[in-house]
Structure formats: structure tokens, C-alpha cells
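A short worksheet on the structure shown next.
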Amino acid sequence: MEQRNPSNRFPLLANWVIPIILAILQTSYDRFIEILPWGISTVDGMVFGFLLGAFGLAIWFVVRYNSPDEKSFVMLFASHFAAATTLSFAWFYSASFVAKSIQSAPEYPLFLDKNTTSRIMLGFFFYFLLAAFFYLYIYYKSNREKLKREKVLQTQLREAVLRALKSQINPHFLFNSLNSIASLTMTNPEKAHEMVIALSDFMRYSLRKQHNELVTLEEEISHVRLYLQIEKIRFGNKMAFSFETDPECLACKIPTLLLQPLFENAVKYGVYEASETVEIRLRSFRQDDHVLLTVSNTYDPEAVPAKGEGIGLKNVKERLRLVYNSNNLMEIHDKEGRFEVRIFLPCPKTEN
Amino acid sequence: MEKIKVIIVDDEQLARDLLRSYLSRDPRLEIIAECGNGFEGVLAIQEQKPDLVFLDIQMPKITGFEMLELLPDPPVIVFSTAYEEFAIRAFEANAVDYLLKPYPLERVQVAVEKAMKRIQSGTGSKEELEQLTQAHDETTGLLTRIVVKSGSKIRIIPVETIDYLESEDDFVMIYCKEGHFLKQKTMKFFEAHLDPKKFIRIHRSCIVNTTQLAEIQQYGKESWMLLTKQGAKLKISKSGYVALKEFLA
């Protein structure tokens, strides 16, 4: 048992603590209160104490196979009472037998007869004390395991959520781009060539990155640039973009594919809905141990988007919360015809 | 033989180019206009009366579906879109066609043949278009806007500016900040597609925007009236009263 399940060693060792104490107490009681000679006191204390420990081991099994989750209280009490009775009597008579065969002093059997009831009562007391202790121990252990399992589950859930939040390649974007390429192969093969390469690089980056990977801001920016280049081929003069990045921030590590959804949002609500040119802008600079990224776009103030607020921005916010454990890393500002998303990314200076 | 007049409506120049290069190979067709958004599309279709329209769905201003809502007598329509978001089978079952971008020449030729048959037989495609629009309605979520036509102008009404809607025969009259506009839809449609957290059907013939609610007055034992902030008086039915009370609780 102990070898198969080492975690059970503790209660079984603990099981011996009480018998050893009992052995010492019994010996002392016999010697000093009952004034028996040392020989009788020692044999009496040691034999009864040792066998109590041996019978105590049996209690562990009774507890193990009588889980309160599976049995009714009455059943539980009945089986423990039966076990307590059996073990107490067995303990007393087997200990008496062993002790009497070691210690042949004539007054010893008389002493035992006198103490039969109290010894059996002691057996009962010990049984229930230890059973209670074992139950507590099992409860404590399973509770701790439950907590551990919950923690693992939570981590797994978090990872799954992160994966889902990571921007997926938007099928509209993909198929519209392919359609543009189909068109360009006829009218402007060189441009088609350029677009196929941009689209391939874009897809490679999107597909390659692990969901929890950190990349440099520089990598993210060049990915976003590809995205905008592709959309620019599709929309021509309907969109313009500019980047203003502080070189000091470029080496900062940020979650992969964090920026692209922001630009996708800008394109979706800016460019898709407007008939005039929409300007998209990225700015990044350092603020103490944060990097402030702002992605903004102009939009047609009269356009009413056919679909409500995108889940893209919500996903970015949720991702930031999960990765950095902070809820206020993203701000949205909308004024004077310009929609702006600000992101504060923790990035200690030492990282540079 | 007279040529079939075609209009292409798509917001992307490259998409229009491709379609034009496909269609120009067919001597029976004549492309009379290309439009870059829904507004232009509606005007061109009304003015130039094409026989056949190739129509993109996602476009700035108004979508291809919203365009169709504004045309009382639409020509034969072939939809084109990049991604099958909605009941594509509904389209496949119909004579009018549905192209998925990017599409090959052969696929466009099939669509053209289908459309030719439809045009020659002279039967209107209105019924099928209605089915299509309905299939689309079923897959749309909550409305953010309603597109209406008043005179020759197209108006986009953001739903939050609506005060209330009232049924009027086969139409629904939309009362909003800017006036009132008729729309050919059912109350059932609006009840299903307006945010139930803001809009409540207070009567068989009336849906009200609860942000515009000013007062509820009781008239008889089981008769109530709702006053809007604009001063309109609307009848509340018994079940409407229950819904309203539940909302305000």
C-alpha cells in the first residue's frame, strides 16, 4: 500500500504516534498509579501500545473504503461501529494473550480482568479518534488536489481563450484580395506579382505565430504594413496610411498579432464605409516603462455601419487583460472625425 | 437583336475591371454603367433601366441588399460577394445567380446564360428576390440602420434615432428625428431585428423606442396610452402593457 501510493505514508506513520504515547502513558500509569512492578508495567504498556498501532492500520482501510460521498450516514456509522467493536475486542484479547505469555506474574491476569471494560472503551476511543483524523486527512488532500486541478484548468482555459482571441485571417479579406489578384493578372501582371508576394508573407506570419508568443514591435509593424499594402492595392486612393515610430520602442516585446486587428478595424469602419479617402495612422513612443501605441483613422461621419461595434477591439482588450493581467491598457477616443485606439504596453526600459 | 444592358455595382475598381473584362467578351452584352457604391447604383438602375445588374453585397453607404429594398421593380440581379456568410443555398436554388469571388470566366458565363433566359422569358424576378432578401434577413443580426427612400433621396436612419414604428397596410411607417418614412417590411421583421433591450412592441401595430418614452397614462380598466418625448400618443395593448411593465421593472 505504502509503496503503491507514497502519499499515504503520512497517515500510517501518524498512526504510530498515538500508540507510542499510549504505551508510555500506560507503562507510567501501571508503575506509578497502580504501583505494579517495572516488569509488568513495561510489558503491559508496550504490548498493548504496539498492538494498538497494528490495529490502527486496519482503521485506515475502513476509512478508505467508506467514503461519506458514497454512503449514507447511517450506513457509515454502522460499518464503523461494527469495525470499532471487532477491532477493540480483537485488540484487547490478542494483546492480553501476548502480554500474559510474556509476563507470567500471577497478579497480572487479575489486573487485566479488572481493567477489561476500560481497555475496550479505550480501543473504541482510539478507533474513532483515528478514523476522524483519517477522514480529515483525506478531505484535506482531495481539497488540495481539487485546487491544483482547478488551477490547471484555468490555465488551459486561458490559453484556449487567447487562441480564440488571436486574430484569425478574415475570409472577406482573403477572398477579396484573391479576387483583386485575379483581376490584376489580366490588367497589371507586375502588380499581381507584388500582391501575391505580400499576401503570402502576410499569411505566413499569421499562420506561423504561436498564440502566446511575444514578438518585437518592429516585426508586428512590418506585418501590419503588409496588411495595409494589400488593402491599398484593393482600395487605391480610398485609403492612405502613415507610420510614426520612435526607434526606441522597436525592440519591445509585444503579444503577436496584436496590432493587425486594430488596423483591420480601422479599414472595416473607415475605408469600407467611406467614399472619400480615409487616413490611417500609427504612432508609437515611449512613456516611462510603457510603450504607447496609437492607431487612428478618419471616417465618414455620416456613415452608419451596417454592423454594430466590431468584436475585433473587444478581443484586443480581452487579450491585453489576459496577457498583462490589467484592465486599463486600452483606451478608445472618438472626436472630430477621427477614431483613435490607444494601447499602453508594459515594456521596461531594460529590455532594450 | 438589341443588346442586353448591364450595370456593374462594386466598390472595388479591380473587381469591376475583372467583371468587365469577362462580360465584354460576350457580344450580346453592353455595359452601360459601373458604380462604386450603393447610392450611385440605385440612381443608375432607376435612370438607365438595365436588364441585368451584377451586384456586390458589402459596399460603403448601403449594401447590395439594402439597394434592392429601395427598388420597386428590380432588374435581374446576379450577386457577387467574397464570402458565403448567409444561406447560400437559397441563392443556388434560384434562377438569379450568386458568384463567389474570385470566380472564373466559365462561372460568369453560366450566370449570364441563366440571366439571359430570365430576361427573355420576361418573368420578373421580384418574387425570387424577395426570397433572397428574406433569406438574408434571417441571417442578419440586429439592425443598426434602416435605409429608406424619400422622393428621389436615399436616407439612412440610424436605429437609435427612431421614435417608434407603426404598421400601415403592407408597410411600416418609421417615425424618427428627421420625419417619417415608409418601408416595405413587416412588423414581425422589425420586432425580430431591433434590439429588444431598446425596442418594445406595445401594440400589434406599434413598436416603440423605450429611450423616447415620456409617460404612460391609464385611461380605462385595461387601456393605456404611451406618450413619447416628441409628444406622440400611442395605444398600448394588454400584452404590450405587460411587456412594458416587465421592461421597466
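So, for chain A, what is the accessible surface per residue at a probe of 1.4 Å, expressed in square angstrom?
Values: 19010 Å² over 352 residues.
Value returned for chain A: 54 Å² of accessible area per residue.
Amide H to amide H under 5 Å from residue A:36: which residues, 5+ apart in sequence or cross-chain, H placed 1.01 Å off N in plane?
Under 5 Å from the amide H of residue A:36 lie the amide H atoms of A:31, each far enough along the sequence or on another chain.
Amide H to amide H under 5 Å from residue B:99: which residues, 5+ apart in sequence or cross-chain, H placed 1.01 Å off N in plane?
Those lying under 5 Å, H to H, from residue B:99 are B:79, B:80, B:81.
What do you get when you divide the Cα radius of gyration of chain A by 2.2 N^0.38 Å, with N the number of residues? Could the numbers behind the result be given before it?
On the way: Rg = 38.7 Å, N = 352, 2.2 N^0.38 = 20.4 Å.
In units of the 2.2 N^0.38 Å rule of thumb, it is 1.89.
Across the Cα atoms of chain B, what radius of gyration and what greatest pairwise Cα-Cα distance (Dmax) are found, in Å?
Final numbers for Rg and Dmax: 21.3, 73 Å.
Please list, in chain and number order, the residues 5+ apart from residue A:214 or on another chain whose amide H is under 5 Å from its amide H, with Hs placed from the backbone.
Hits under the 5 Å cutoff: none.
Interface size between chain B and chain A, please: total buried accessible area, 1.4 Å probe, rounded to the nearest 100 Å². Present the calculation step by step, with values, prior to reporting the outcome.
Values: alone 13250 and 20080 Å², together 31190 Å².
Answer for the B-A pair: about 2100 Å² buried.
Could you tell me which residue out of A:38, A:75, A:183 lies farthest along the dipole of the protein assembly as shown toward its positive end? Charges go on the beta carbon: Lys and Arg +1, Asp and Glu -1, centred on the Cα centre.
Toward the positive end, the furthest listed residue is A:38.
Using θ = phi - 60° and the Karplus form 6.51 cos²θ - 1.76 cosθ + 1.60, what ³J(HN,Hα) does each residue of segment A:109-119 get, whole Hz, x for Gly and Pro?
Once rounded to whole Hz, the list reads x, 5, 4, 5, 4, 5, 9, 3, 4, 5, 5.
Applying 1/(1 + (r/R0)^6) with R0 = 30 Å to the Cβ-Cβ distance of residue A:29 and residue A:141, what FRET efficiency is obtained, to the nearest 0.05? Write down the numbers at each step before the final one.
Working: r = 35 Å, r/R0 = 1.17.
After rounding to 0.05, the efficiency reads 0.30.
Which of B:45, B:196, B:141 sits farthest toward the positive end of the charge dipole of chain B, with +1 on the Cβ of Lys and Arg and -1 on the Cβ of Asp and Glu?
Result: B:196.
Starting from the 7 Å offset along Cα-to-Cβ, what nm value, one decimal, do you get for the label separation of residue A:159 and residue B:43?
About 5.7 nm separates the two model spin labels.
In a Debye calculation with equal point scatterers on the alpha-carbon sites of segment A:6-149 and no solvent, what is log10 I(q)/I(0) at q = 0.18 Å⁻¹?
-1.00
Please report the carbon-and-sulfur percent of the accessible area for the protein assembly as shown; probe 1.4 Å, protein heavy atoms only, DNA, RNA and ligands left out.
Numbers: 17680 of 31190 Å².
Solvent-exposed carbon and sulfur of the protein assembly as shown make up 57 percent of the total.
Name the residues of segment B:4-19, by number, that are at least 30 Å² less accessible with every protein chain in place than in the isolated chain; the surface is that of heavy atoms, probe 1.4 Å, without ligands or nucleic acids.
Listed in order, they are B:11, B:12, B:14, B:18.
Under the Karplus relation 6.51 cos²θ - 1.76 cosθ + 1.60, θ = phi - 60°, what is the ordered set of whole-Hz ³J(HN,Hα) values for segment A:253-262, x standing for Gly and Pro?
Karplus values, whole Hz, x for Gly and Pro: 8, 9, x, 5, 6, 7, 6, 3, x, 5.
Quick one: grab Rg to one decimal and Dmax as a whole number for segment A:114-251, Cα atoms only, in Å.
Taking only Cα atoms of segment A:114-251, I get Rg and Dmax of 32.3, 114 Å.
Other chains near A:169-181: what is the mean number of their Cβ atoms within 10 Å of each residue's Cβ? Write out the running numbers ahead of the final one.
Numbers: counts 0, 2, 4, 6, 2, 2, 7, 10, 4, 3, 14, 8, 3.
Counting Cβ atoms of other protein chains within 10 Å of each residue's Cβ and averaging gives 5.
Taking springs between alpha-carbon atoms closer than 10 angstrom, which of A:38, A:91, A:60 fluctuates most in the Gaussian network model of chain A?
Its mean-square fluctuation being the largest, the pick is A:38.
Let me know the Kirkwood hydrodynamic radius for the protein assembly as shown, please, with Cα pairs as the basis and the value in Å to one decimal.
Numbers: mean 1/r = 0.0316 Å⁻¹.
One decimal place: 31.6 Å for the Kirkwood radius.
Cysteines of chain A lacking any other cysteine beta carbon under 4.7 Å?
So, A:249.
For segment B:145-248, go through all pairs of different Cα atoms, get the mean of 1/r, take its inverse, and jot down that Kirkwood value in Å.
Values: mean 1/r = 0.0718 Å⁻¹.
It is 13.9 Å.
Restricting everything to alpha-carbon atoms, can you work out Rg to Rh for segment A:166-351 with a Kirkwood hydrodynamic radius? Please list the in-between numbers first.
Numbers: Rg = 16.5 Å, Rh = 17.1 Å.
Checking Rg against Rh, the ratio lands at 0.96.
When Cβ neighbours within 10 Å are restricted to other protein chains, what is their mean count per residue of peptide A:272-278?
Working: counts 4, 6, 3, 8, 1, 0, 0.
Per-residue shielding by partner chains comes out at 3.
Over the whole of A:73-84, what's the average partner chain Cβ count within 10 Å per residue? Rounded to a whole number, please. If you can, show how the numbers build up before the last one.
Working: counts 0, 0, 0, 0, 0, 0, 0, 0, 0, 0, 0, 0.
Mean shielding count: 0.
For segment B:145-248, with every protein chain kept in place, what is the accessible area per residue (1.4 Å probe, Å²)? Can you show the working numbers first?
Working: 5810 Å² over 104 residues.
Result: 56 Å² of accessible area for each residue.
Which of these, B:141, B:38, B:64, has the largest mean-square fluctuation under a Gaussian network model of chain B (Cα springs below 10 Å)?
B:141
The values are calculated or read from the model by the stated rules, or taken from the named source; none is laboratory data. Nothing here was measured: the structure is a model prediction, and the numbers come from that model. For neighbour counting, all protein chains shown are included, and Cβ atoms are generated from backbone atoms with ideal geometry for every residue, glycine included. Each accessible area value is taken on the protein alone, full model and side chains, heavy atoms only, with ligands, DNA and RNA left out. Shrake-Rupley method; radii C 1.70, N 1.55, O 1.52, S 1.80 Å.
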